[in-house]
Amino acid sequence: MIVVQTNNATYNNTGQTEQQLAMSRLRAVEHGRAVLIAATSGVSAVITPDGAVQQRTGEMEQAVLNAVVPLRDGRTVADRVGAAPEWTLALGGVLACAFAVAGGGRRVERAA
């Protein structure tokens, strides 16, 4: 399982805590693991490996969450591939910018 410890006191009532919950749901699916979020002031939650929120609290809500979560040891495609696709796309973007700056997109003037 993945455990996320957080203190979102600075971000209460801004939507940031919901965004972090969404990011943790993505990580659950990406790694095929249950995610437990323990927040001192934000949203605490139990997320299943398919990204579903099994339990959650509200912002600044004192609560205790109890859940049985599956423990897994397999690797997902994202785990096996790692950051290679991200680095490839980033490098492609940098090369495209360099090509544009170097004048690769020069205009061809037509003879009148």
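Within the accessible area of the chain, what % is carbon and sulfur when the probe is 1.4 Å and the other protein chains stay in place? Write down the numbers at each step before the final one.
Numbers: 4680 of 8200 Å².
In the chain, the share of accessible area belonging to carbon and sulfur is 57 percent.
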| field | Rounded to 5, the percent of DSSP beta bridges in the chain classed as antiparallel | value | 55 percent
| field | Answer label for Kirkwood radius over Cα pairs in Å (calculated), chosen among (i) 17.0; (ii) 14.2; (iii) 16.3 | value | (i)
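Could you provide, to the nearest whole Å², the per residue accessible area of the chain with probe 1.4 Å? Mind showing how you got there, number by number?
Working: 8200 Å² over 112 residues.
Ligands and nucleic acids excluded, the result is 73 Å² per residue.
Arranged from highest to lowest average of other beta-carbon atoms within 10 Å per residue, in what order do the peptides 59-69, 1-11, 32-42, 18-28 appear?
Working: 59-69: 11.2, 1-11: 14.0, 32-42: 20.1, 18-28: 16.3.
Put in order of decreasing packing, that is 32-42, 18-28, 1-11, 59-69.
The values are calculated or read from the model by the stated rules, or taken from the named source; none is laboratory data. All values reported here derive from a predicted model rather than from experimental measurement. All Cβ positions, glycine included, derive from the backbone under ideal geometry; neighbour counts span all protein chains shown. Keep in mind that these areas ignore ligands, DNA and RNA; they rest on the heavy atoms of the full protein, side chains included. Shrake-Rupley method; radii C 1.70, N 1.55, O 1.52, S 1.80 Å.
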